[in-house]
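The values are calculated or read from the model by the stated rules, or taken from the named source; none is laboratory data. Keep in mind that what you see is a predicted model, and the values were worked out from it rather than measured. Heads up, the Cβs are rebuilt from the backbone with ideal geometry, glycines too, and the neighbour counts pull from every protein chain shown.
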Amino acid sequence: MRLIGKRGNSFVITAIVLLTVLISSCSQQNRISVRNYPENRPFVYSNKINILDTVPKDEKKRLITELENYWEDSLQVRIVQRYLGIFKSILDKPPVFDSANLNRSVNFMNAYLNSQGYFYSTLQDSVSIDTFKTQLRANVFMNIMLGKNIRIDSVSYNLPDSALQLIVNNNNAESLLKKDKPYTKQVIGDELDRLTNLFRQKGYYNFNRDDLIAVVDTLDTKLLPLTLDPFKQAEIIAQAAKKRKENPTWDINITNRTILDSSKLLQFSMGNIYYYPETGISDIPDNVINRRDFKTDTFRSGIMKYEKGLFRFRPLREHTYLSRGEKYNEADYFKTINRLGQLGAWQQVDAVLRIRDRDTLDMHILMVPAVKQTIAAELEGSRNSGDVIAGNTLGISTNLSYTNRNRWRSAVQQQSVVRAGVELNLLSQGNAPLLQTFLLSGSHTYVLPRILTPFGNWRSLRNLENKKTLFTLSSSYIDRRNFYNVTSFIASVGYEWRKTVKNGSHLWLYKPLNVELYGIRKLAGLDSLFKTNPFLQASFNEGNIVSQSLSFIRTTTSPNNRNKSHYLRIGIEEAGGLFGLIPGLKNNIYRYLKTEAEYRQRILYPRSELAYRAFAGLGYNYSDNPTIGRTLPFFKQFIVGGPYSMRAWGLRQLGLGSSVFSDTVNSSYRDRFGDMQLETNIEYRFQLASLGSFKIGSAVFADIGNIWNLKKNDQDPKSRFSIANLGRDLAIGVGTGLRFDFSYFLIRFDVAYRVKDPARSTNGGWMSIKDFVWSEIREKGLKVNNVALQFGIGLPF
């Protein structure tokens, strides 16, 4: 059975390439179709903003993007996209052009520029009328000279209330207003928000942003002294005007408005905290709070009111960050609501604060339970197209999961998953089986909503956010047809917690104990492979793992660009360090150290995005026992290729280094595993068309990387990592593709070409533009495809 043959495969690849090139090469203007336009009258066909100043590229793009929102409504170009054989943009019912609306646009844009600190801008509009068939197309241009951006000269805080002034002074280092920084209304507003939040975190519950005011002083102090000489006065005025234009600066003073309500200056303390864990989705909060027929359990840290007794109190206490008698802190108030809502046992969490005894706040937390038990089935798929012989595979798996969100009435999450999957070799030849790999696995996990330690509940753990303890049991069976069977059993205990930081969060995952037991049954195909590649046998030595691991994930958004996000992951795993010293275990467990680091960045634009990824992984087996092997076990080694890695290669079909050993020793098994991986990816994604919530997009990308071994192998010296050979060993693939986004999932088709293949013996591994080929014949008559078609679900990174 072959789902796609050679000709069909080439046709699909060629069609995707031609379609993407056709779409991306068409200009926006050539793809605009106008309908229902006014006859014999000019209509708004396009508008464009030109910033003539020399400003940083990012700043110019940001301003143009924002200014496009300030065209007067009748000058807006309303584009609707539809599929019309090829992707076209439709301009439907364009408005009649009226020059009177230009002045309104100028006023709107100038007001926006003022808010950004550009008070000396010059805006000049122009219009050109083009005739196309019976259409009179008006192209509107707005040419802008920004002028100098206002800078902040000095910042002062003068609050009549001494307690508020002391809070400001103690947190002055966090001020968003800095000398010589650009003045904008946004930064002023952000600073007022910061101060308001700061006060409300110190107990000032009734204080709000309207109680603060920023006074901006634009007066030049040189104008204050009076002179009887009119010529001297004119000179001073001229000099001040010149200075304002060449280097304009303003002074800012933050103070508060006259406060008539004395409660705004009161610091509130927390009173009683009431929990209602069985609130109905349609219940009215006041009715729930005023009910008198609830059962009531009173604890030192709170009061739980319920009807059926579906929940215990402990998970509520663990994730409440306010305490009776402490000053009210609005940050802890929202953190409590969010963390209780994230436990999974409740689908909705709200809270009501009520003032009691003038300066005391009682907190009523209303919690709507989630559906306790669910069963779900999922189907997953991925396709890898590499070399013709063994790299064209289709992976299909199905998952059946059971979830209990409130095990033992303690908001403990229980999940049981059974998974079955196959990997099909679509272009099987000769004796190669269609079914290449079969997988069957099951896992059982408990997630406790607290940090459980044998040493008790430390007070220092109280303020950890989203804290969890995870117990996991899993088992799997992998049948790699004709080569090996792997049976595994894994048990682990781990901790997870999160910390919110400015513009992002930090996530920590620590597994103090992870036990993995493996049984490997070597079949005839693998025994035959060992005879030609003895070094590979080191990866398939039997052994078990007793390890611990620590991972750190940081996700942030750039403070100066909300459309730029960063992701950093660092992980380290250590196996056998202590348990390997025990004589009875020393010869039966692996001893290694493995580290990984990954960085991603995404920059969002109005209809596109630019994404980067860099990954480095290293594993070192330091065991001196030859029965354990010289490399990491193959199920812990790194692999590349496939729809989520080096996309010009099939899954596990790239590497090691510039070695061709795996290509020549066996024609049906060429899976590659390495102790080290370096990879970087860059991808520019853009939208082609939109049909409601369904979006069609594309991307152009480049992948660079490879895998290596660390220890020397005399039979295969090119598989070892060497800085001197890094340039020769790195593989490079480029490609494009189509993405079909259905909102709740995304289907992706990518086609990639091997621009530089370390296994290519000619031209230093680089492709030849002069003698371009889709496939080539290499050593021992091996035919290799230089192009690969990948099918995946979700974005690659």
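Considering only the stretch 359-366, I want to know if a residue exists there that is surrounded by fewer than 20 Cβ atoms within 10 Å (Cβ to Cβ) and either at pLDDT 95 or above or assigned to a strand (DSSP E or B) (or both). Within the stretch 359-366, one or more residues are surrounded by fewer than 20 Cβ atoms within 10 Å (Cβ to Cβ) and either at pLDDT 95 or above or assigned to a strand (DSSP E or B) (or both). Suppose the filter is more than 24 Å from residue 132 (Cβ to Cβ), loosely packed, with under 14 Cβ neighbours inside 10 Å and at pLDDT 75 or above; does residue 100 pass it? It is true that residue 100 is more than 24 Å from residue 132 (Cβ to Cβ), loosely packed, with under 14 Cβ neighbours inside 10 Å and at pLDDT 75 or above.
If you go through the stretch 689-715, how many residues are part of a loop (DSSP other than H, G, I, E, B) and either crowded, with 20+ Cβ neighbours inside 10 Å or aliphatic (A, V, I, L, M) (or both)? Final tally of qualifying residues: 2. Filtered by the rule that a residue be within 33 Å of the chain's Cα centre (by Cα) and charged (D, E, K, R), the stretch 703-736 gives 703, 728, 729.
In the stretch 356-373, the residue that is farthest from residue 404 (Cα to Cα) out of those that are in contact with a strand residue (DSSP E or B) (Cβ under 6 Å, 6 or more places away or on another chain) and among the aliphatic types (A, V, I, L, M) is 361.
Scanning the stretch 723-773 for residues that are over 16 Å from residue 682 (Cα atoms) and of a type in the set (Val, Ile, Thr) yields a count of 5.
For the stretch 625-636, a tally of residues being surrounded by fewer than 22 Cβ atoms within 10 Å (Cβ to Cβ) and modelled with pLDDT of 75 or more returns 3. Considering only residues in the stretch 241-260 that are surrounded by 15 or more Cβ atoms within 10 Å (Cβ to Cβ) and modelled with pLDDT under 75, the one that is farthest from residue 115 (Cα to Cα) turns out to be 244. How about the stretch 245-282: which of its residues are without any contact (Cβ under 8 Å) to a residue 24 or more places away in the chain and under 28 Å from residue 347 (Cβ atoms)? Matches in the stretch 245-282: 282 only. The listed residues are 501, 447, and the only one of them that is at pLDDT below 90 and under 25 Å from the mean Cα position of the chain (by Cα) turns out to be 501. Assessment of the stretch 143-157 against the conditions (assigned to a helix (DSSP H, G or I), touching a residue at least 24 places away in the same chain (Cβ under 8 Å) and under 30 Å from residue 261 (Cβ atoms)) yields no matching residue. Being assigned to a strand (DSSP E or B) and farther than 30 Å from residue 191 by Cα is true of residue 137.
If the condition is being under 30 Å from residue 309 (Cβ atoms), of a type in the set (Val, Ile, Thr) and in contact with a Ser or Thr (Cβ under 9 Å, 6 or more places away or on another chain), then the stretch 253-290 contributes 273, 288. Of all residues in the stretch 782-797, those satisfying the criterion of being out of contact with any helix residue (DSSP H, G or I) (no Cβ under 7 Å at 6 or more places or on another chain) and assigned to a strand (DSSP E or B) are 783, 784, 785, 788, 790, 791, 792, 793. Checked against the criterion of being assigned to a strand (DSSP E or B) and aromatic (Phe, Trp, Tyr), the candidates 635, 686 yield just one match: 686.
Listed here are the residues, each with its yes/no results for (1) within 20 Å of residue 662 (Cβ to Cβ); (2) charged (D, E, K, R).
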{"site": "728", "(1), (2)": "yes, yes"}
{"site": "731", "(1), (2)": "yes, no"}
{"site": "741", "(1), (2)": "no, yes"}
{"site": "756", "(1), (2)": "yes, yes"}
{"site": "762", "(1), (2)": "yes, no"}
{"site": "767", "(1), (2)": "no, no"}
{"site": "776", "(1), (2)": "yes, yes"}
{"site": "786", "(1), (2)": "yes, no"}
{"site": "790", "(1), (2)": "no, no"}
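Here residue 608 passes the criteria (1) out of contact with any Gly (no Cβ under 9 Å at 6 or more places or on another chain); (2) surrounded by fewer than 15 Cβ atoms within 10 Å (Cβ to Cβ); (3) of a type outside the set (Asp, Glu) except the one numbered (1). Selection over the stretch 103-134 of residues that are in a helix (DSSP H, G or I), aliphatic (A, V, I, L, M) and crowded, with 16+ Cβ neighbours inside 10 Å gives a count of 3. Of all residues in the stretch 88-106, none satisfies being closer than 22 Å to residue 248 by Cα and within 38 Å of the chain's Cα centre (by Cα).
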